[in-house]
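The values are calculated or read from the model by the stated rules, or taken from the named source; none is laboratory data. Source: prediction; values computed, not measured. Cβ placement follows ideal geometry from the backbone for every residue including glycine, while neighbour counts extend to all protein chains displayed. Side chains included, ligands, DNA and RNA excluded: accessible areas come from the protein's heavy atoms. Shrake-Rupley method; radii C 1.70, N 1.55, O 1.52, S 1.80 Å.
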Amino acid sequence: MRFAIFGDIHSNLEALNAILADAAAHGVTHYACLGDIVGYAANPAECLEIVRALECPVVQGNHDEQACAGDDLSGFNPLAQQAIDWTRSQLTDDQKAWLRNLKFVRQVRDFTIVHATLDTPHRWGYVFNQLDAEASFNYQHTQICFYGHTHTPRAYIRDGMVRGQPFESLLIEPGKKYFINVGSVGQPRDGDWHCSYCLYCPEEKEVVLRRLEYDIFTTQDKILAAGLPQKLADRLALGK
Ligand code: ZN
């Protein structure tokens, strides 16, 4: 059994296709999605239908929540707001209902998935440091939890104290807890434009970060063709 754990797709179809092809090539048998399927780029409906067709565990992200909400856009910056207004116009009622029914936290086999934090998953706080991670660990009942939201791959490990580190692969060791950010499929923000997700093998207790090229020019062209802000296209190449 091998999982692909992925999230923060943000309507980037080319990046989503790239990670799914890579997952298939690596013998992935199961999937889990950390939310923010929509928002920012130009293929919200297509990305939603691909994730829905995987019939895998999915948790709700803040952009998913806003895309299916009425018109309360509190907390979103103008760029995100513009993208969400457009995204709403692209989704059917059925697709919005599917987003609305996603849970905030799910347990999958021996791990947990959440978009933002485990202590207050519906408030969309960001885990940027040891203190933030500590708060989530207090609510983590499995050895591993995968999360997204910051769009930056990072592993927090609790072994007496909590430390955070970038990672490429991790062996899950007994007696320790892991809060692992798998990075973003569709809009990485760690200065690297390559799309990001993780492979996880429960038998081998190994987590591997994957960074991949994708057809970024097509994604950028579609963002501009849709009339979305130029900045949303530019930032993809900068990885921020
Ligand atoms: Zn996101």
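If you look for lysine pairs in the stretch 3-238 that are eight or more places apart or on different chains, how many of them have Cα atoms under 27 Å apart? Walk me through the numbers on the way to the answer.
On the way: Lys96/Lys222; Lys96/Lys231; Lys103/Lys176; Lys103/Lys177; Lys103/Lys205; Lys176/Lys205; Lys177/Lys205; Lys222/Lys231.
The number of close lysine pairs in the stretch 3-238 is 8.
Once every Cα of the stretch 3-238 carries one equal point scatterer and solvent is ignored, give the base-10 log of I(q)/I(0) from the Debye formula at q = 0.09, 0.14, 0.16 Å⁻¹, two decimals. One equal scatterer on each Cα of the stretch 3-238 leads to -0.33, -0.83, -1.09. Here the stretch 3-238 is assigned +1 on the Cβ of each Lys and Arg and -1 on the Cβ of each Asp and Glu. Its dipole about the Cα centre then comes out at about 440 debye.
Average projected area of the Cα convex hull of the stretch 152-240, in nm²?
Details: hull surface 26.4 nm².
It is 6.6 nm².
Bridges between two residues of the stretch 3-238, per DSSP, are antiparallel at a rate of about 70%.
In the stretch 1-63, the portion of solvent-accessible area held by carbon and sulfur atoms comes to 52 percent [1.4 Å probe, whole percent, DNA, RNA and ligands not counted].
So how far, in whole Å, is the C-alpha centre of the stretch 180-222 from the one of the stretch 1-73? Cα centroid to Cα centroid, the span is 12 Å. Between Gly160, Gly183, Gly61, which gets the highest mean-square fluctuation from a Gaussian network model of the chain, Cα cutoff 10 Å? Among Gly160, Gly183, Gly61, the largest GNM mean-square fluctuation belongs to Gly160.
How high is the relative contact order of the chain? Use alpha-carbon pairs under 8 Å, at least six apart in sequence, and give a whole percent. Write down the numbers at each step before the final one.
Values: 551 pairs, mean separation 55.9, N = 240.
Once normalised by length, the contact order is 23 percent.
Projecting the Cα atoms of Phe76, Pro174, Gln107 onto the dipole axis of the chain, where Lys and Arg carry +1 and Asp and Glu carry -1 at the beta carbon, places Pro174 farthest toward the positive end.
Show which aspartates and glutamates lie in cross-link reach of Lys240 when reach means a straight Cα distance below 12 angstrom and same-chain residues fewer than eight apart are skipped. The qualifying aspartates and glutamates are Asp190, Asp192.
Enter the accessible area per residue of the stretch 110-239 (Å², integer; probe 1.4 Å; all protein chains in place). Walk me through the numbers before you get to the answer.
On the way: 5650 Å² over 130 residues.
It amounts to 43 Å² per residue over the stretch 110-239.
Taking the stretch 91-121 and a reference point 7 angstrom along Cα→Cβ of Glu134, the backbone N atoms nearer than 20 Å belong to 117-121. Placing unit charges on the Cβ atoms of the charged side chains and taking the dipole of the chain about its Cα centre, the candidate lying farthest along the positive direction among Ala18, Gly164, Cys201 is Gly164.
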